[in-house]
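Have a look at the structure below before the remarks.
The values are calculated or read from the model by the stated rules, or taken from the named source; none is laboratory data. All values derive from a computational prediction rather than experimental measurement. Here the Cβ is made from the backbone with ideal geometry for all residues, glycine too, and neighbour counts use every protein chain on show. In case anyone asks, the SASA skips ligands and DNA or RNA and just uses the protein heavy atoms, side chains included. Shrake-Rupley method; radii C 1.70, N 1.55, O 1.52, S 1.80 Å.
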Amino acid sequence: MTRGRSHVLSGVWEATLKLVLWGIDHTLIATRGVGREIFGDAFEQVTGTPMREQAAVDGMTEPVIFRRTAELHGVTSDRTMFEAFARRSAELHR
């Protein structure tokens, strides 16, 4: 997090915080396929379907990638399924 401007409010300093988010998209790191492997493992564990192919990832958010990958496999997904996938993916990344 970065600090924005500070204000004096009734004699008390009040700091404004800014949260900066960005996507790595292979710009800062190269995982050499580990990310795709984890995605596939989490996908299979949550959907019960082995991942044969993954939807395009460039410029896409994880929920979109998950939904489109599920569609490629004939799996109907919803927000609850994606949230389970996201939790499992985070566990596998750790």
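For residue 21, the criteria (1) modelled with pLDDT under 95; (2) of a type in the set (A, V, I, L, M); (3) over 14 Å from the mean Cα position of the chain (by Cα); (4) within 24 Å of residue 88 (Cβ to Cβ) hold in every case but one, which is (3). Right, residue 34: surrounded by 13 or more Cβ atoms within 10 Å (Cβ to Cβ) and modelled with pLDDT of 75 or more or not? In short, no.
If a residue has to be open to solvent by less than 80 Å² (accessible area, probe 1.4 Å) and either modelled with pLDDT under 80 or not in a loop (DSSP other than H, G, I, E, B) (or both) to count, how many in the stretch 37-54 make the cut? Final tally of qualifying residues: 8. Got a number for residues in the stretch 55-69 being assigned to a helix (DSSP H, G or I), in contact (Cβ under 8 Å) with a residue 12 or more places away in the chain and under 13 Å from the mean Cα position of the chain (by Cα)? Of the residues in the stretch 55-69, 5 are assigned to a helix (DSSP H, G or I), in contact (Cβ under 8 Å) with a residue 12 or more places away in the chain and under 13 Å from the mean Cα position of the chain (by Cα).
The set of residues from the stretch 74-94 being over 13 Å from the mean Cα position of the chain (by Cα), surrounded by 15 or more Cβ atoms within 10 Å (Cβ to Cβ) and polar (S, T, N, Q) comprises just one member, 77. Looking at (1) at pLDDT below 95; (2) surrounded by fewer than 15 Cβ atoms within 10 Å (Cβ to Cβ); (3) out of contact with any Leu (no Cβ under 8 Å at 6 or more places or on another chain); (4) of a type outside the set (S, T, N, Q), which is the one condition that is false for residue 71? Going through (1) at pLDDT below 95; (2) surrounded by fewer than 15 Cβ atoms within 10 Å (Cβ to Cβ); (3) out of contact with any Leu (no Cβ under 8 Å at 6 or more places or on another chain); (4) of a type outside the set (S, T, N, Q) one by one, residue 71 breaks only (1).
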